[in-house]
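Please treat every number below as a calculation from the coordinates, not as lab data. From a predicted model like this one, the values you see are computed outputs, not experimental measurements. Cβ atoms come from the backbone with ideal geometry, glycine included; neighbour counts cover every protein chain shown.
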Amino acid sequence: YAAYKLLKPNSTINPSIKKDSSKVVDCLNIEDLGEQTAFCRCWRSKKFPLCDGAHGPHNKETGDNVGPLVLSKKSK
Ligand code: FES
């Protein structure tokens with residue numbers, strides 16, 4: 001919440017992904033995911049919507065603390 005309050009009014013979250021599109025929507029079939037898949041929440045990944053580790057340098061540079069959403073299949 002504190003980081004959100006630091007954003008300038010009307011600032012954007014997305015710096016570069018599909019900027020020619022009015023809304024970024026990604027659809028994946030859950031059956032196509034591996035045992036564990038990390039999804040980007042920092043909007044800096046070159047593999048968006050998947051995490052490529054770009055949150056690390058972003059956090060270091062800005063003092064932010066963002067990271068991926070990790071989905072795992074239940075082990076049988
Ligand atoms: Fe964005 Fe990992 S690259 S959360």
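Our estimate of slack between E35 and L71, defined as 0.36 nm per intervening residue step minus the Cα-Cα distance, is 12.1 nm. Restricting the calculation to Cα atoms, the chain yields a radius of gyration followed by a Dmax of 14.4, 47 Å.
Please compute the contact order of region 23-74 in relative form: average sequence separation of alpha-carbon pairs under 8 Å and at least six residues apart, divided by the residue count, as a percent. Display every interim value, and only then the final one.
Numbers: 62 pairs, mean separation 19.9, N = 52.
Relative CO of region 23-74 lands at 38 percent.
State which entries of K19/K46; K19/K60; K47/K74 exceed 22 angstrom in Cα-Cα distance in the structure shown. From the list (K19/K46; K19/K60; K47/K74), the Cα-Cα distance tops 22 Å for K19/K60; K47/K74.
The ranking of D52, D32, D26 by Cβ neighbour count inside 10 Å, starting from the fewest, reads D32, D26, D52.
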